[in-house]
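Data block below; observations after.
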Amino acid sequence: MEISLAAEKVAHIGSFNVTNSILLSWITTTFLAITAIVVGRKNDLVPKGLRNFIEMVIEYLYKTVNDVIGDEQKTKKYFPILATLFIFIVLNNWMGLLPGIGPIGINEIKHGKHILVPLFRGANADLNTTLALAIIAVITVQVFGVAAIGVAKYAKKFFNFSNPIKFFVGGLELISEFSKMISFSFRLFGNIFAGEILLMVIAYLVPVVAPLPFFLLEIFVGLIQGLVFMMLALVFIKGAIVEHH
Amino acid sequence: MDLEVVKTVATAATITIGAIAPAIAIGQIGSKGLEAIGRNPEAADKVSSSMILGIAFAEAIAIYALVIALIIKFV
């Protein structure tokens with residue numbers, strides 16, 4: 001039973017290493033793009049089937065964002081990227097649970113032993129993906145803050161030279177922006193990677209019937225982590241667009 | 001002592017000690033949340049969504065400890 005913290009390379013395009021987790025995230029992206037194009041074309045007055053389901057999801061997310069932000073105009077500005085983060089993260093997590101994601105792989109010889117390198121791996125089980133999402137989320141918060149209240153006022157939150165205490169607090173705020181990046185990425189990575197290891201260990205110990213409640217747990221955790229990522233980004237955006245006291 | 005033995009002990013100790021405080025924190029957040037819902041059932045939606053957010057923050061600390069334990073064991 002080999003567990004690797006880093007995602008393993010399965011192919012390469014030129015000098016770019018294609019790892020198994022980025023392969024799965026490409027599949028997720030293609031799937032989402034195709035779904036969006038196919039569903040977005042029909043435009044009956046009463047939606048049915050897949051379009052109905054997707055409208056239900058979007059309405060739920062819109063209501064959630066609107067409840068926190070309050071203003072309908074602002075919600076329309078901030079909703080698309082938050083909903084995208086949620087749907088991308090949740091779909092990546094759930095795709096990592098599909099049958100065949102672990103076992104199908106390439107036989108390789110590493111350090112003199114035959115090991116199986118899985119062809120796919122949950123996209124968020126790779127620190128690169130979660131770090132990228134975290135950096136995008138934090139930079140988005142900064143951009144929305146600057147767009148809402150202007151560069152000078154936004155910079156004053158972090159660099160406040162009026163008195164020493166405020167300067168110190170501003171410095172702490174700056175450091176806490178970086179710590180947000182780290183906490184976003186490690187929360188998502190830790191949850192999903194630990195879930196994968198848990199499933200692997202349980203399947204190794206008791207392969208029949210016992211993994212079932214753990215798969216249910218992983219489905220739940222995947223959903224909750226996507227929701228938490230979105231809600232946290234939402235709360236940070238809400239804090240960034242108001243003026244400082 | 002052997003490096004492998006120290007690594008294994010360090011892995012176990014990291015996650016064990018690192019999960020104590022988040023477990024207590026999540027219990028307290030949950031209990032205060034349920035108490036708030038009991039006192040004001042109409043605000044149940046708002047209270048429970050803030051509670052889930054607070055629980056996710058507290059759980060993140062346990063996940064940091066788990067990630068360090070995994071790094072010690074497998075890297």
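The values are calculated or read from the model by the stated rules, or taken from the named source; none is laboratory data. These numbers come from a predicted model, not from an experiment. Here the Cβ positions follow ideal geometry from the backbone for every residue, glycine too, while neighbour counts run over all protein chains shown.
Kindly evaluate A:Asn66 against the criterion of being away from chain B (no Cβ under 14 Å) and either surrounded by 12 or more Cβ atoms within 10 Å (Cβ to Cβ) or part of a loop (DSSP other than H, G, I, E, B) (or both). If you could, list the steps in order and put the result at the bottom.
Values: away from chain B (no Cβ under 14 Å): no; either surrounded by 12 or more Cβ atoms within 10 Å (Cβ to Cβ) or part of a loop (DSSP other than H, G, I, E, B) (or both): yes.
It is false that A:Asn66 is away from chain B (no Cβ under 14 Å) and either surrounded by 12 or more Cβ atoms within 10 Å (Cβ to Cβ) or part of a loop (DSSP other than H, G, I, E, B) (or both).
From the residues in the stretch A:1-26 that are buried (at least 16 other Cβ atoms within 10 Å of the Cβ) and more than 14 Å from every other protein chain (Cβ to nearest Cβ), which one is modelled with the lowest pLDDT?
Restricting to residues being buried (at least 16 other Cβ atoms within 10 Å of the Cβ) and more than 14 Å from every other protein chain (Cβ to nearest Cβ), the top hit is A:Val10.
Can you confirm whether A:Leu223 is under 16 Å from the mean Cα position of the chain (by Cα) and either of a type in the set (D, E, K, R) or more than 10 Å from chain B (Cβ to nearest Cβ) (or both)?
Values: under 16 Å from the mean Cα position of the chain (by Cα): yes; either of a type in the set (D, E, K, R) or more than 10 Å from chain B (Cβ to nearest Cβ) (or both): yes.
Yes.
Considering every residue within the stretch B:51-70, establish whether at least one is exposed (fewer than 13 other Cβ atoms within 10 Å of the Cβ), touching a helix residue (DSSP H, G or I) at 6+ places or on another chain (Cβ under 9 Å) and assigned to a helix (DSSP H, G or I). If you could, list the steps in order and put the result at the bottom.
We begin by selecting, within the stretch B:51-70, every residue exposed (fewer than 13 other Cβ atoms within 10 Å of the Cβ); these are none.
No, there is no match, as no residue in the stretch B:51-70 is exposed (fewer than 13 other Cβ atoms within 10 Å of the Cβ), touching a helix residue (DSSP H, G or I) at 6+ places or on another chain (Cβ under 9 Å) and assigned to a helix (DSSP H, G or I).
If I filter the stretch A:159-166 for residues that are part of a helix (DSSP H, G or I), away from every other protein chain (no Cβ under 14 Å) and among the small types (Gly, Ala, Ser), do I get at least one hit?
At the first step, the residues of the stretch A:159-166 found to be part of a helix (DSSP H, G or I) are A:164-166.
Subsequent filtering for residues that are away from every other protein chain (no Cβ under 14 Å) retains A:164-166.
The next check asks that each one be among the small types (Gly, Ala, Ser); those that pass are none.
Looking through the stretch A:159-166, none of the residues is part of a helix (DSSP H, G or I), away from every other protein chain (no Cβ under 14 Å) and among the small types (Gly, Ala, Ser).
Given the criteria under 30 Å from B:Leu70 (Cα atoms), of a type in the set (Gly, Ala, Ser) and over 14 Å from the mean Cα position of the chain (by Cα), does A:Ser183 qualify?
Values: under 30 Å from B:Leu70 (Cα atoms): yes; of a type in the set (Gly, Ala, Ser): yes; over 14 Å from the mean Cα position of the chain (by Cα): no.
For A:Ser183, the condition - under 30 Å from B:Leu70 (Cα atoms), of a type in the set (Gly, Ala, Ser) and over 14 Å from the mean Cα position of the chain (by Cα) - is not met.
Return yes or no: is B:Val47 crowded, with 17+ Cβ neighbours inside 10 Å and over 30 Å from A:Ile197 (Cβ atoms)? So that I can check it myself, show each step before the final result.
Details: crowded, with 17+ Cβ neighbours inside 10 Å: yes; over 30 Å from A:Ile197 (Cβ atoms): yes.
Considered against the rule, which asks whether it is crowded, with 17+ Cβ neighbours inside 10 Å and over 30 Å from A:Ile197 (Cβ atoms), B:Val47 comes out as yes.
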